[in-house]
1. Dipole of the stretch 21-105 (Lys/Arg Cβ +1, Asp/Glu Cβ -1, origin at the Cα centre): which of I23, V97, L70 lies farthest to the positive side?
2. Any idea what Rg and Dmax come out to for the chain if you just take the C-alpha atoms, in Å?
3. Of L193, I207, G258, which is farthest along the charge dipole of the chain in the positive direction, counting Lys and Arg as +1 and Asp and Glu as -1 at C-beta?
4. In whole Hz, with x marking every Gly and Pro, tabulate ³J(HN,Hα) for the stretch 216-232 from phi via Karplus 6.51 cos²θ - 1.76 cosθ + 1.60, θ = phi - 60°.
5. Going by a ≥ b ≥ c, the root eigenvalues of the Cα gyration tensor, does the stretch 67-212 fall in the rounded group (a/c under 1.5), the prolate group (a/b larger than b/c) or the oblate group?
6. Under a plain spin-label model, where a point goes 7 Å from the Cα along Cα-to-Cβ, how far apart in nm are E71 and D373?
7. Taking H placed 1.01 Å from N in the peptide plane, check which residues at least 5 places from G290 or on another chain put their amide H under 5 Å from its amide H.
8. Place +1 on the Cβ of every Lys and Arg and -1 on the Cβ of every Asp and Glu in the chain, take the dipole about the Cα centre, and give the residue among A173, I142, M271 whose Cα lies farthest towards its positive end.
Amino acid sequence: MNLHEYQGKEILNSFGVRIQRGIVANTPEEAVAAAKKLTEETGTGWHVIKAQVHAGGRGKGGGVKLAKNLEDVKNISNDILGMMLITPQTSAEGKLVNQVLIAEDVYYPGDSEPSEFYMSVLLNRATGRNMIMYSTEGGMDIETVAEETPHLIFTEEVDPGLGLMPFQARKIAFNLGLSGAALKEMVKFVTALYTAYIKSDSSMFEINPVLKTSDDKIMAVDAKVTLDENALYRHKDYAAMRDLREENPIEVEAKAAGLNYVDLDGNVGCMVNGAGLAMGTMDLIKQAGGDPANFLDVGGTADAQRVETAFGIILKDPNVKAILVNIFGGIVRCDRVAQGVVDAYKNMGDKINVPIICRLQGTNAKEAKELIDNSGMEIISATEFQEAADKVQEVLQVKA
C-alpha cells in the first residue's frame with residue numbers, strides 16, 4: 001500500500017526520524033492557515049507547496065513550488081489543487097491533485113552549505129536480506145545516477161538476526177563524506193530510519209533527498225513509503241491511511257468483491273482460480289500471440305454471481321478482445337463452474353461483446369464441457385492447454 005509524502009513523514013517522525021515539518025491542506029484557504037501556523041511554530045518565512053499524489057518526479061511536472069509570502073501560498077496552492085499532474089511516473093493523463101503539503105523551508109543560510117543525499121531501505125530479493133541503498137547524489141532520479149555514475153551508489157545489507165549494527169550506520173555516514181556533528185546526526189538518522197522500516201512492516205522507504213542543513217541537521221525532506229498489505233492487520237492506524245482516490249478504480253472494485261485482480265495493458269482478459277495457474281495462463285496467452293489484460297484469481301469458489309462479477313470487471317477494460325476462463329477443478333467441481341459461467345453469460349446478455357474461451361480441467365471436466373457445448377451460448381470450450389491457446393489465437397486473428 002502506497003502512502004502520501006505527509007503520511008510517510010508521520011510514520012518516520014513517530015520513530016524519531018527528523019523530518020521537514022509540514023501541514024496538509026485541501027483548499028487554498030487551508031493552505032494559508034497552515035503556512036501561518038508553520039511560521040508561528042518554526043519561524044519559517046518561505047514555504048514549499050507540494051502536490052500529494054502517489055508518484056515521484058512531482059517537481060518536474062510543476063507539483064512542487066516555493067512560496068515566498070502568504071499570497072504566493074494561496075495562489076500556488078490554488079494552481080496545484082485540482083490539476084492533473086503529469087510526471088515520469090504517472091500515465092499520460094496524469095493524476096488529480098486533491099491535497100497539498102505546506103512544508104517549512106529548510107534551505108536556510110548558515111555556517112555550511114546544505115547537502116542532499118539519496119537513501120532507501122528495501123528487501124534485496126537476491127539475498128533475502130534488507131538493504132540500505134544510498135548515494136551522495138540526492139535530489140536526482142536514482143535510475144539516472146545508476147546509469148551515469150554507478151560508482152556513487154552504495155549498499156549496506158543487514159543481517160536479519162542481528163539487525164542494523166552501529167558500525168554499519170557509521171560506515172554509511174563516512175561514505176557520504178560526513179564528519180563531526182553531521183556524521184553523528186546521520187548515524188542517528190540511519191538507525192531511526194531502519195527501525196521505522198522494520199517496525200512499520202514496510203516494503204520500501206525512499207527518502208530523496210535526505211538533507212544536511214547548513215547547521216548540520218539531518219532530515220527527510222521527502223518520503224516515499226510502501227507498506228506491506230499482508231501486515232496491515234497489525235497496524236489499523238496505517239490501514240486507515242489508504243487513499244482509494246489514488247488507486248486503480250477497477251482494482252478497488254475487485255478487491256471489494258473479494259477478487260485478486262491486477263490491471264495490465266494487454267488484450268486478453270483472464271479469469272483463473274489460483275495464482276500459479278494464473279501466471280501459467282498469462283504465459284499461455286503470450287505464446288498464442290496475445291497479451292494478458294489482467295491477472296484475476298477468482299479463488300476457490302466460482303458460482304454464477306462471482307463469475308458474473310469477474311466478467312463485469314474484466315469487460316470494463318476497453319482493450320479486451322477476448323476472455324480466457326481457465327479453471328482447475330480440484331476442490332470446486334468443473335461442472336459447477338461451467339454452470340456458473342453459463343448463468344453469468346445469460347444474466348449479462350449484451351454486456352458480453354467479446355469471445356469467451358472456457359477451459360475446465362479436473363473433477364467432472366467432461367460433464368462441464370458437455371454443459372457448455374449444449375448451452376446454446378457463444379462460449380468456446382476447451383480441455384487442454386494447447387487447445388485453449390489455439391482458440392485464443394483464432395479469435396484474436398478474427399478480431400484483427
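1. Ranked along the dipole, the leading option is V97.
2. So, for the chain, Rg and Dmax equal 26.1, 84 Å respectively.
3. L193
4. These are the phi-based 3J(HN,Hα) values: 6, 7, 10, 8, 8, 8, 9, 7, 10, 10, 10, 9, 6, 4, 5, 10, 5 Hz.
5. prolate
6. Using points 7 Å along Cα→Cβ, the separation is 8.1 nm.
7. none
8. A173
Only the coordinates and a few stated rules stand behind these numbers; no lab work does. All of these numbers come straight from a predicted model, not from anything done at the bench. Positions of Cβ are generated from backbone atoms using ideal geometry, with glycine treated the same way; all protein chains shown enter the neighbour counts.
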